[in-house]
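The values are calculated or read from the model by the stated rules, or taken from the named source; none is laboratory data. Remember, it's a predicted structure, so these values are computed and weren't measured experimentally. Neighbour counts run over all protein chains shown; Cβ positions are idealised from the backbone, glycine included.
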Amino acid sequence: MKKLKVARILVPTAVVVKQTVEETTKSGIVLAKEALEGGTMEKHEGEVIAIGCEVLKVKVGDYVSFGRHSYSIKKWDGVEYFYLYEDALHTIHEEVDEDYRPSEDEFIVGEVL
């Protein structure tokens, strides 16, 4: 039977985010494999893959963004992950219907393609 490695979140308010790497730009340009490698982690957003036991604002699967100096990078088996505190998150991205009216703490950022 194959063994798997599991990382347990020990900091109660910690959030682990996996950066979403797009292989094609919005204009349709296909990025070379070399451009996707190297671990630059320039894009400060991604999908939440794990949370501490006291995290209240986000859940696993949410797409979030955060500040440039608010995280550390952890690398497991060649894959890099953002490790940060819940308070360092700036936004949670959601898809809503076009007739949705944002509240005071929300704003529309564009259309879903």
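Details
- Residue check, S65 among the hydroxyl-bearing types (S, T, Y), modelled with pLDDT of 70 or more and assigned to a loop (DSSP other than H, G, I, E, B): no
- Hits in the range 48-74 - residues which are of a type in the set (D, E, K, R), in contact (Cβ under 8 Å) with a residue 24 or more places away in the chain, within 15 Å of T13 (Cα to Cα) and loosely packed, with under 12 Cβ neighbours inside 10 Å: E54
- Checked against the criterion of being assigned to a loop (DSSP other than H, G, I, E, B) and aromatic (F, W, Y), the range 78-100 has at least one qualifying residue.
- Residue in the range 103-112 that is under 27 Å from A14 (Cβ atoms), over 13 Å from the mean Cα position of the chain (by Cα), β-branched (V, I, T) and not in a strand (DSSP E or B) present: yes
- Of the criteria (1) modelled with pLDDT of 85 or more; (2) exposed (fewer than 10 other Cβ atoms within 10 Å of the Cβ), which one L113 fails: (1)
- Among the residues of this structure, F82 counts as one that is at pLDDT below 95, closer than 21 Å to V109 by Cβ and in contact with a Phe, Trp or Tyr (Cβ under 6 Å, 6 or more places away or on another chain).
- So V30, is it at pLDDT below 85 and in contact with a Ser or Thr (Cβ under 6 Å, 6 or more places away or on another chain): yes
- If you go through the range 1-25 and keep only what is at pLDDT below 85 and in contact with a Leu (Cβ under 8 Å, 6 or more places away or on another chain), you end up with V21, E22, E23, T24, T25.
- Residue that is surrounded by the fewest Cβ atoms within 10 Å (Cβ to Cβ) [pool: residues in the range 75-98 that are charged (D, E, K, R) and without any contact (Cβ under 8 Å) to a residue 60 or more places away in the chain]: D97
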